[in-house]
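What follows draws every value from the coordinates through simple rules; no lab data is involved. This is a predicted model, so every value here is computed, not measured. Note that each Cβ is placed from the backbone with ideal geometry, even for glycine, and that neighbours are counted across all protein chains shown.
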Amino acid sequence: MAYVIVALLGLASGVVGAIVGLGGGIILVPLLLYFGIELGLVDGMTPQRIVGLSVIMMIFTGLSSTLAHMKSKTVDYSSGFLFFLGSVPGTLLGAYLNKFLNVKDFNLYFGILLIVLATILLVRDKLKPIRWFVDNGRQKTFVDPDGERHVYGYPIWFALLLTFTIGLASGLFGIGGGSILVPAMLILFLFPPHVAVATSMFMVFLSALVNSASHIYLGNVPWLYTIPVIPAAFIGAKLGSTINQKMDSKTVVTALRIILLLIGIRSIIEGMWG
């Protein structure tokens, strides 16, 4: 029964994660905290083992989603590689710090992070575009299928600093980093939403390789549960990427806001009173 539950959670995480460019970890982690630790339906779960399983899953959701986005030519490879290079040191540090968190602390800090991200996205439409990062950095151009030209960009030094922080959160909480990177790409770097999601998933795949190596070394991976999670998440990510390409850009951002806000509120409640 536990394997069926884990497979279903992996499928759901793959679909939702690929739709909004999160890699699925940000969905799988709170679901496993609830079904595995609170309800006790999945044996042997601790915050560390949940994170270990999540980062293994993200290799395959990231790969599946990236392959789907490659066909639509929305992946910015050079930006994805740069963001990955910045995230590697932070990922290694976050994986090491993860072992010091208990369940309550994990839920609390995880929830606070998600609420901050959801709030930023909530007020995004009310904020004037922050063009400073684009005007003072490396600029790039993307022409969408409707022929509209989008100019976006970033200073390299700031992108490296930002992705180090993202890598730290990724290693610490077992999330793909897309939950932080996508809002930054939309608000600060003015990426077109579909390019932001596709490039984020490419970086999720690369950083998950490093993140997984760290958690394997630390003994955090429950290998038996990777058997149902990997194929389910891979299929889910492929389906989610297909749905993403058919959705309106505003719908993608709205979905991201709602998901982060709901999970964040629940995590904080569990961290403080669970």
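If I take every Cα pair under 8 Å that is 6 or more residues apart in the chain, average their sequence separation and divide by the length, what percent do I get for the relative contact order?
On the way: 533 pairs, mean separation 109.3, N = 274.
That works out to 40 percent.
Please compare each pair in Lys99/Lys140; Lys71/Lys140; Lys71/Lys250; Lys71/Lys99; Lys73/Lys250 to a cut-off of 28 Å on the Cα-Cα distance and tell me which ones are over it. The pairs that break the limit, which is 28 Å between Cα atoms, are Lys99/Lys140; Lys71/Lys99. To the nearest 10 degrees, how steeply does helix 193-217 sit against the main Cα axis of the chain, on a 0 to 90 scale? Result, in degrees: 40.
Can you give the longest run of the chain that contains no trypsin sites (Lys or Arg not before Pro) sitting in a DSSP loop with at most 14 other Cβ atoms inside 10 Å? Please report the intermediate quantities before stating the final value.
Values: sites that count: Lys73, Arg131.
With trypsin sites (Lys or Arg not before Pro) excluded where exposed in loops, the chain gives 132-274 as its longest stretch.
Overall, the chain carries a charge dipole of about 340 debye about its Cα centre when +1 sits on the Cβ of Lys and Arg and -1 on the Cβ of Asp and Glu, all other atoms neutral. Distance between the C-alpha centres of segment 1-72 and segment 197-225: 11 Å, rounded to the whole angstrom.
For Lys140, nonlocal amide neighbours, meaning residues 5 or more places apart or on other chains whose placed amide H falls under 5 Å from its own, are Tyr152, Gly153. Counted over all Cα-Cα pairs of the chain, pairs farther apart than 34 Å make up 12 percent. Once the Cα atoms are used to define both axes, helix 103-122 deviates from the longest principal axis of the chain by about 20 degrees. Rounded to the nearest 10 degrees, the angle from helix 2-20 to the longest Cα principal axis of the chain is 10 degrees.
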